[in-house]
Amino acid sequence: MVLLSSSVSATVLKIATEYPDGNAVLKELREAGERIATATDQRVTLKFYPGGVMGDGRSVQRKIRIGQLQGAFIHSGALAATYPDSQVLNAPLLFRDFSEVDAVRQQFDAELVQGFRDSGWITFGLVEGGFAYAMTNEPVDDLQTLREQKLWLPANDPFSAKIAKAFNINPIALNISDVLTALQTGAINALVAPPVGAITLQWYSRVDYLTDAPFMYTYGLIALSERALQPLSEDDLAVVTQELTQATESLDALARTDNRKAFEALTSLGLTITSLDDEARRQIEAEAGEAIDVLIDSGEFDRGLYQRITDLLNQVRQSP
């Protein structure tokens, strides 16, 4: 679909995000908005709604459908209802380190971006969220020990719920705002989260161990409704695309740096980092493979796409 129009009327792109105001992400997005407004002589402006004031991913998408919003900076899984394959990079224990992520993303990012477009979302690249790790109050070196914990799961997150079910884990679903209190009271004693989130939200202060086995890779993106961009002229659309692509690339690089620093910081903040031995890793990855089969069979993402990614990973792991 061609996103062109001869209209020159002013367009306000209202964009929701869960990031709080003052955060580096909002700073980057606001700067991109200022450049867009200047370059288009105010024909296109961006207005941001931070801190989750527009609700969760489901609420945000409903508001986009009725035109109350035009887009969101949102985690990939929130768009799975229209583009299930967006979740393929979130497959549990898919990656072992960032070098594997880089190899896969170099080959598959463009395909995923096209998939979002085909589903009605204009995106500008992937923004790394980082690896989510198991953080617990006792050492965890196998799945059985993790199953015995009171593990938190984000509320209204069907994909995470299906992963937990596939692993025979019975989690406790809570909103993000309730997690710290639940850790303080003992209602939960384990979670799976990226280090940056654990530090920002103070969750690290209520757990003692981190298992150094990336459970899941996470990413987000700036997603605008294709319909919302139709009023833009060709030139204005080019400006929006250029500036939001640049912002996406900057945020992606920033996230990698921040997550590396946050992981290192957790040790100084009192967490003990535990590693899996080779046998434990093989066992957990084997169970992850069985869980992924369940996810694929239930339609969470395409088996062929997943197989192409794992074929590439096997090549990377076998190379000297």
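The values are calculated or read from the model by the stated rules, or taken from the named source; none is laboratory data. Note that the structure is a prediction, hence the values are computed from the model and not measured. Note that each Cβ is placed from the backbone with ideal geometry, even for glycine, and that neighbours are counted across all protein chains shown.
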Strands (runs of 3 or more DSSP E) (entirely within region 1-89) containing at least 3 residues that are closer than 30 Å to L313 by Cβ:
71-75
List the residue pairs whose Cβ atoms are under 9 Å apart, where the first residue sits in region 217-236 and is surrounded by fewer than 18 Cβ atoms within 10 Å (Cβ to Cβ), the second is of a type in the set (F, W, Y), and the two are 6 or more positions apart or on different chains.
E226/W121
Could you check E234 against (1) modelled with pLDDT of 95 or more; (2) touching a Pro at 6+ places or on another chain (Cβ under 6 Å) and say which number it fails?
(2)
Among the residues of region 156-171, what is the count of those that are in a loop (DSSP other than H, G, I, E, B), within 17 Å of T218 (Cα to Cα) and of a type outside the set (D, E)?
1
Which residue is farthest from P214 (Cα to Cα), if the candidates are limited to region 288-306 and must be out of contact with any Pro (no Cβ under 9 Å at 6 or more places or on another chain) and in contact (Cβ under 8 Å) with a residue 24 or more places away in the chain?
S298
R256 vs. criteria on the phi < 0 side of the Ramachandran plot and free of Cβ contacts under 8 Å to residues at least 60 places away in the same chain:
no
For region 183-212, the count of residues that are out of contact with any helix residue (DSSP H, G or I) (no Cβ under 9 Å at 6 or more places or on another chain) and part of a helix (DSSP H, G or I) equals 1
Counted residues, region 143-179 - those being among the polar types (S, T, N, Q) and either surrounded by 19 or more Cβ atoms within 10 Å (Cβ to Cβ) or closer than 23 Å to L276 by Cα (or both)
6
Taking the condition within 18 Å of the chain's Cα centre (by Cα), buried (at least 16 other Cβ atoms within 10 Å of the Cβ) and not small (G, A, S), does L183 pass?
no
Test of understanding: among I273, I284, which residue is among the β-branched types (V, I, T) and outside any helix (DSSP H, G or I)?
I273
